[in-house]
Each structure stands twice: as C-alpha cells, then as structure tokens.
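Scroll down for the structure; my scribbles are underneath it.
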Amino acid sequence: MKIFSITDSEWWMGTDLASVVKAVQEEYDLDDDDTANAAELAEEDLDALRFAATDESYRLTGTTRTFREQLAIEIGAGGQFPRLFAMEEF
C-alpha cells in the first residue's frame, strides 16, 4: 500500500497510481487534466509529513503521527482501497 499526493493538500492511499487516480476522478467527477500532477510520495515524505488525528466529530485530538505511522494503522484497519488518506482543512 502506498500514499499518493493528488493536490498539495490531499492524499489518497492505494496499491498503484492508476487505480488511485481513477478513484479520485470518479469521486470528484474530475478528468485527466485535473489529476495530472498526482504522484506517489517519496520515502522521505512518509517520515516528514504529519498526520493530525481527529475524533468521530472530526475535531483534532492533539495526536500527530508521521504519514508512515498512520499508513500502518490504516492498513491494519483494512477496508476498501483506494481511499482518501488525509486532507488539509482550509
């Protein structure tokens, strides 16, 4: 399982770029131009980027982890892939 940046503020997880891009396009009704910059995160990004945990109401809990740590939790939890991994709020 890998993490892919879709935009500068949204990341999805899945097994390969093609299936992630397809899922993003279907979810948001986007075309190839909209997802042209999607890319797999580099190994160093998995340790540099931080994931802020939230509760069931999407309020920050104060817990942060690296993307690598959160990826392991997500894989362990199972479920459907590809799917949204993280998003910055504006």
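Bear in mind these aren't lab numbers, they're just calculated from the coordinates by the rules spelled out. Note that the coordinates shown come from a computational prediction; the quantities given were computed from them, not determined experimentally.
For the stretch 2-87, dividing the convex hull volume of the Cα atoms by the residue count gives 101 Å³ per residue. Estimated from helical segments only, the mean residue ellipticity of the chain at 222 nm is -9500 deg cm²/dmol, where each DSSP H run of four or more residues counts as -39500 (n - 2.57). One chain, two ends: GLU89 and ASN37. Fully extended at 0.36 nm per residue, the span grows by 16.7 nm beyond their Cα-Cα distance.
For the chain, the longest principal axis of the C-alpha atoms and the axis of helix 67-77 are separated by about 90°. Structural descriptor for the stretch 39-90: relative contact order 28 percent, calculated from alpha carbon pairs under 8 angstrom and at least 6 residues apart. Full extension of the chain between MET1 and LYS22 gives 6.0 nm of extra length, using 0.36 nm per residue less the Cα-Cα distance. Stretching GLU69 away from ALA53 to a fully extended chain increases their span by 4.6 nm, per 0.36 nm per residue minus the current alpha-carbon distance.
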